[in-house]
Each structure stands twice: as C-alpha cells, then as structure tokens.
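Quick notes on the structure that follows.
Nothing in this text is a laboratory measurement; each read-out follows from the coordinates by a stated rule. Note that the coordinates shown come from a computational prediction; the quantities given were computed from them, not determined experimentally. FYI the Cβ positions are ideal-geometry reconstructions off the backbone, even for glycines, and counts take in every protein chain you see.
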Amino acid sequence: MSATFVAGRIEWRTHRWLIIAFFAVVVHLSAQTSPAPEPPAKRVEIDKTHQMLRAYEGDRLVLETRVCTGKWDKSTPNGQFTAGEKQRMHYSKLFQNAPMPYSVEVTGNVFIHGFTSVPLHPASHGCIRVPLDGDNPAKRFFEWVETGTPILITGRWEG
C-alpha cells in the first residue's frame, strides 16, 4: 500500500496482495484470541426423599434414574461432595469384599455404584445403588461422570 499527498489529502493506491495479506493476518489473530467455548459444567443431584439421581450438563438433564440410598442407622450423608476415584470394579472393604461395579467414590466408604437389587426405598449400608438392568444406568453414569464433578445429596426418606 502506498500513499501520496494530492492537494492536501492522502490518496491511497492499494495493492491486491497487501489486502489479502492483511485479511489473512486478521483471520489468524482472531482465531488465536477466540478461546473455544467451555462445555457446560457437569453436576449430580441425589434426592433421598424420592430415591432419584439426576445428572446435568449445565441446565440439561442427561441422566435420571431411581436409586437406593442408605437405610436408617446407615443413612447416606447429605451434603455437597465431589466425585472421587472411579473404579470399573471395586470390592467393599467393609462388607465381605462385596462387588461394587461402576463405583464412584463420594466420601469415605460411601460410593455410587451398580447393584442388582435397587428397591424403591432405602436398603443399602450407606452407598447409593444404581440399577445394572435395563439400559444399565450404572454404567452410563460411570462413563459420564468425571472426577471432581459436584455431587449434591439432599432429602430424607419418610417411609
């Protein structure tokens, strides 16, 4: 691009290759300064009153399944937790090495895990049982959840 003064004003003579180079630089810089959008945050809500687990990405519900939480003196704790260690097959350290497929640690010895018996009422020793049957929500949850995903446990079984 060159400029010359003509009667007190600047007259621009453009060169095609300079215009192309300019736009190439602009496109390149805009690609560098535009970060990729972050995926919606994942979160899990467990409702002990209704024995339900709901998994969200942002505001979008991605999984909803019935669960079975801890009974009476072995109640599943309420509170805000984060998903800990994941194990495709974990064995209970407290209950005779019982298999706990698709385990996600919640806190201490409390896990979300697959189980063959998931009644519509609390029956576990504190863990959150997720069905293995049907479309296998235990496996789907295990594959979806990431270490560090927030888990909120609320409610109280009135039965």
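Structure notes:
- Exposure proxy ranking, count of Cβ atoms within 10 Å, fewest first, for Tyr56, Tyr102: Tyr56, Tyr102
- Label point at Glu38 placed 7 Å out along Cα→Cβ; residues across the stretch 126-159 whose backbone nitrogen lies under 14 Å: 149-150
- Low-density loop cleavage sites - GluC sites (Glu not before Pro) in the stretch 61-155, where at most 14 other Cβ are within 10 Å (DSSP): Glu85, Glu146
- Label point distance in nm, Asp59-Asn109, each placed 7 Å from Cα along Cα→Cβ: 4.2 nm
- Cα-based shape type of the stretch 44-157, given that a ≥ b ≥ c are square roots of the gyration tensor eigenvalues and the cut on a/c is 1.5: rounded
- Estimated vicinal HN-Hα couplings, Hz - the stretch 140-157 in sequence order (Karplus 6.51, -1.76, 1.60; Gly, Pro = x): 4, 5, 4, 6, 7, 6, 10, 4, x, 5, x, 10, 10, 10, 9, x, 7, 6
- Table column - 3J(HN,Hα) (Hz), the stretch 120-132, Karplus curve with 6.51, -1.76, 1.60, x for Gly and Pro: 7, 8, x, 8, 8, 8, x, 6, 9, 7, 10, x, 9
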